[in-house]
Amino acid sequence: MAVIVITGGAGFLGSHLCDRFIQNGDEVIAIDNFLTGDADNIAHLFGHKKFKFIFYDITNFTHIPGNVDFVLHFASPASPMDYLKLPIQTLKVGSLGTHKMLGLAKEKKARFLLASTSEVYGDPLIHPQPETYWGNVNPIGLRGVYDEAKRFAEALTMAYHRYHGLDTRIVRIFNTYGPRMRIDDGRAIPTFISQALRNEDVTVYGSGKQTRSICYVDDLIEGIFRLLFVDYYEPVNIGNPDEISIIDLAMEIIQLCGSKSNIVFKPLPEDDPKVRQPDISLARKLLNWEPKIPRQEGLMKTIEYFRYKMNL
Ligand code: UDP
């Protein structure tokens, strides 16, 4: 049995990770300050004897008593709308928060895993994106607060690995969706589903020809779980190469919801990437992993969750 600290433990991905390690028989210490996380995501774990929750802002010095085997750093606003509203908190959790969690891992001689992002590639000039691509990021743009914080977090993680010999992992997470996304988090999938279920206009930004490649949360969690247990410290892309344009995604969601919604076009946000698709050759080889859940199945599970959350 291992002891796992999960920052952002009440968030979308953090809470699924808590479930995964509890199911594995491990002890989980989840930390969250509910900036974008939600206690509902972990309510079912309260009272479990191997689950502890700490309400805390990890940009401050963090003391955890006792043994810790793994530190999984997942705390951060992750939706463009959230980091637009919370630019300084986003920069702080990626920089100061990562520093504190690396310090905790070093103190405990624990393995550290950083949740990084496809945003380190910015608006990519290479398609699909392999881990060796250095990216095309505007440091002072509105998305820069997230992109640069995560790029700094990767640099700091590698420095702790090289200088302190810390055992580290870096996962670059591509667009992921599923139950426990916040209905109002502003990202395309939750927005389209909630609009479609209410038969409201579905808001497509720009022409809708920009693409994303979307991964169902269970596939992502499995990839991260496997990465933690292989000996590899350079960044690894985890995502689903299933690429779709945003307009096609909007139409598919309207159809799967059985909705009467129309599509309306709104201005494209600044620095919105035109394309995005993970090259997952490395993850396939290293982890013997492959995303398995087809898009329509994943979307139906997500729609079901949203119906329940929206009392429909
Ligand atoms: N998008 C959209 N309508 C919305 C929300 C998002 O057309 O109501 C677009 C957004 O401009 C981007 C894509 O959908 O091109 C994916 O956006 P999301 O916020 O989900 O994540 P991103 O991949 O940009 O971080």
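Can you sort MET181, MET300, MET1 by how many other beta carbons sit within 10 Å, fewest first? Walk me through the intermediate numbers first.
On the way: MET181 25, MET300 13, MET1 9.
Ordered by Cβ neighbours within 10 Å, fewest first: MET1, MET300, MET181.
Over region 1-150, what is the relative contact order in percent, taking alpha-carbon pairs closer than 8 angstrom and at least six residues apart?
On the way: 266 pairs, mean separation 33.3, N = 150.
Contact order relative to length: 22 percent.
Going by the alpha-carbon gyration tensor, a ≥ b ≥ c the square roots of its eigenvalues, is region 69-172 rounded (a/c under 1.5) or, if a/c is not under 1.5, prolate (a/b greater than b/c) versus oblate? Could you put the intermediate results ahead of the total?
Working: a/c = 2.31, a/b = 1.43, b/c = 1.62.
Verdict is oblate for region 69-172.
With N set to the number of residues, divide the alpha-carbon radius of gyration of region 222-265 by 2.2 N^0.38 Å and report two decimals.
That ratio works out to 1.89.
Out of all DSSP beta bridges in the chain, what portion is antiparallel? Express it as a percent rounded to 5.
Numbers: 3 of 39 bridges.
Approximately 10 percent, going by the DSSP bridge assignments.
Can you bin every Cα-Cα distance in region 1-156 into 10 Å intervals starting at zero and give me the percent of pairs per bin, rounded to whole numbers?
Values per bin, smallest distances first: 11, 40, 33, 14, 2.
Using amide H atoms built 1.01 Å from N in the peptide plane, name the residues 5+ places from GLY206, or on other chains, whose amide H lies under 5 Å from its own.
When sequence neighbours closer than 5 places are left aside, the close amide H contacts are LYS266, LEU268.
Report Rg/Rh for region 194-239, rounded to two decimals, where Rg is the Cα radius of gyration and Rh the Kirkwood radius. Intermediate values should be presented prior to the final figure.
Values: Rg = 16.9 Å, Rh = 14.0 Å.
Expressed as Rg/Rh, it is 1.21.
Apply the Karplus parameterisation 6.51 cos²θ - 1.76 cosθ + 1.60, with θ equal to phi minus 60°, to every residue of region 167-182 and state each ³J(HN,Hα) to the nearest whole Hz, in sequence, with x for glycine and proline.
Once θ is set to phi - 60°, the couplings for region 167-182 become 7, 10, 9, 10, 10, 9, 8, 8, 2, 10, 9, x, x, 5, 5, 6 Hz.
For each of VAL3, VAL71, count neighbouring Cβ atoms within 10 Å of the residue's Cβ, then give the residues from fewest to most.
Ascending Cβ contact count within 10 Å gives the list VAL3, VAL71.
Taking only the alpha carbons of the chain, what extent do you get along each of the three principal axes, in Å, biggest first?
Cα spread of the chain along its principal axes, largest to smallest: 55, 44, 38 Å.
Relative contact order (percent) for the chain, with alpha-carbon contacts under 8 angstrom and 6 or more residues of separation? Walk me through the numbers on the way to the answer.
Working: 631 pairs, mean separation 52.4, N = 312.
Taking the mean separation of contacting Cα pairs over the length of the chain, I get 17 percent.
Given the options SER281, ILE254, VAL230, identify the residue whose Cα lies farthest towards the positive end of the charge dipole of region 178-312 (+1 on Cβ of Lys, Arg; -1 on Cβ of Asp, Glu).
It is ILE254, whose Cα lies furthest towards the positive end.
Among PHE21, ILE244, PHE306, whose Cα projects farthest towards the positive end of the dipole of the chain, with charges put on the beta-carbon of Lys, Arg (+1) and Asp, Glu (-1)?
So the residue we want is PHE21.
Restricting attention to the alpha-carbon atoms of region 1-80, what are Rg (one decimal) and Dmax (integer), both in Å?
My reading of the Cα-based Rg and Dmax gives 11.6, 37 Å.
Divide by every residue of the chain the summed helix terms, -39500 (n - 2.57) for each DSSP H run of at least 4, and state the resulting mean residue ellipticity at 222 nm, rounded to the nearest 500 deg cm²/dmol.
Values: 10 runs with 111 residues, N = 312.
For the chain, the value works out to -11000 deg cm²/dmol.
Distance between the C-alpha centers of region 122-185 and region 1-74? Whole Å please.
One Cα centre to the other: 21 Å.
Every number in this text was worked out from the coordinates using simple rules, so none of it is lab data. Predicted model only: the values in this text are computed from it and were never measured. Here Cβ is always computed from backbone atoms with ideal geometry, including for glycine, and neighbour counts include all displayed protein chains.
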